[in-house]
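The values are calculated or read from the model by the stated rules, or taken from the named source; none is laboratory data. Remember, predicted model here, so these are calculated numbers, not experimental data. Ideal geometry is used to build each Cβ from the backbone, glycine not excepted, and the neighbour counts take in all protein chains shown.
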Amino acid sequence: MGLFNKQKATQDLSKRRSIYHLEPKSTVSDSEIENILTDVIKHTPSAFNSQSTRMVLLLNNEHKKFWDTLMHALKEKMGPDRDFSATEQKLNSFKAAYGTVLYYIDTKVTEGLQEQFTSYAAKFPEWAHHSNAMHQYAVWQAFSEVDLGASLQHYNGVCDEEIRALFDIPSTWEFVAQMPFGSIGSQAGPKEFSPVENRLIIKK
Ligand SMILES: Cc1cc2nc3c(=O)[nH]c(=O)nc-3n(C[C@H](O)[C@H](O)[C@H](O)COP(=O)(O)O)c2cc1C
């Protein structure tokens, strides 16, 4: 309960940014990070309370293994004729973070709903993505509140099966996104805003 505090809400939301210069340190303990993810997975909404989002927390060598595997696969995919140096630098900057959260959708849940509620069948995959994005945002926001920086990446589709084997990910889980995080090395630069009045209609 309690009144909506506009001043505080605005400050808190604006604190979350895409942070690319991350350090291999954390502002909070690993158990606090686990608590954040536990809270998010329990309390983030999902269509029909289907709870189709899955998250994987990678720390220490597991985090490094993820970025090394991706680096190797992307290098192979791009081939020897294309310049890999910029991509390599980018991936190394993510590897230099403290940890990574992987986001998945359990398609078994979505397919079960499609069978159960046929009139909404076409909508369930879309709603699963909506809910997954809400989890991503909730984690990103909660991290920013404890001064952890993070960014959102989409290297899925590169070597999903290798990653699945590496971390024993169930076969029904679809890879959606990755979020490297850690202490903030450099803050984000200023952000440009499209005019709010073009994006927000208020009728009263
Ligand atoms: C759905 C979605 C997909 C995104 N994908 C990526 C991505 O693949 N790589 C990346 O570096 N940033 C990605 N971003 C981050 C956006 O570029 C960033 O949020 C936006 O420029 C606003 O900056 P801010 O996060 O600092 O507020 C994504 C953001 C959203 C919401």
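What the table below lists for this structure:
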read-out	value
Enumeration of residues in region 93-127 that are closer than 29 Å to D68 by Cα and within 16 Å of the ligand (Cβ to nearest atom)	S93, F94, K95, A96, A97, T100, V101, L102, Y103, Y104, I105
Near pairs, Cβ below 6 angstrom, 6+ apart or cross-chain, from region 141-154 (under 19 Å from Y104 (Cα atoms) and near the ligand (Cβ under 9 Å from one of its atoms)) to any residue that is of a type in the set (S, T, Y) and not in a loop (DSSP other than H, G, I, E, B)	S151/S18
Odd one out for A133 among (1) within 13 Å of the ligand (Cβ to nearest atom); (2) touching a residue at least 12 places away in the same chain (Cβ under 8 Å)	(2)
Region 183-204 residues that are more than 16 Å from the ligand (Cβ to nearest atom), paired with ones that are at pLDDT 95 or above (beta carbon under 6 Å, 6 or more apart)	S183/E23; S183/K25; S183/T27
Scan of region 171-204 for residues that are assigned to a loop (DSSP other than H, G, I, E, B) and closer than 28 Å to S26 by Cβ, ordered by number	G185, S186, Q187, A188, G189, P190, K191
Any hit, region 72-81, residues being in contact with a strand residue (DSSP E or B) (Cβ under 7 Å, 6 or more places away or on another chain), on the phi < 0 side of the Ramachandran plot and not β-branched (V, I, T)	no
Among residues of region 24-33, those that are within 18 Å of the chain's Cα centre (by Cα) and exposed (fewer than 15 other Cβ atoms within 10 Å of the Cβ), counted	2
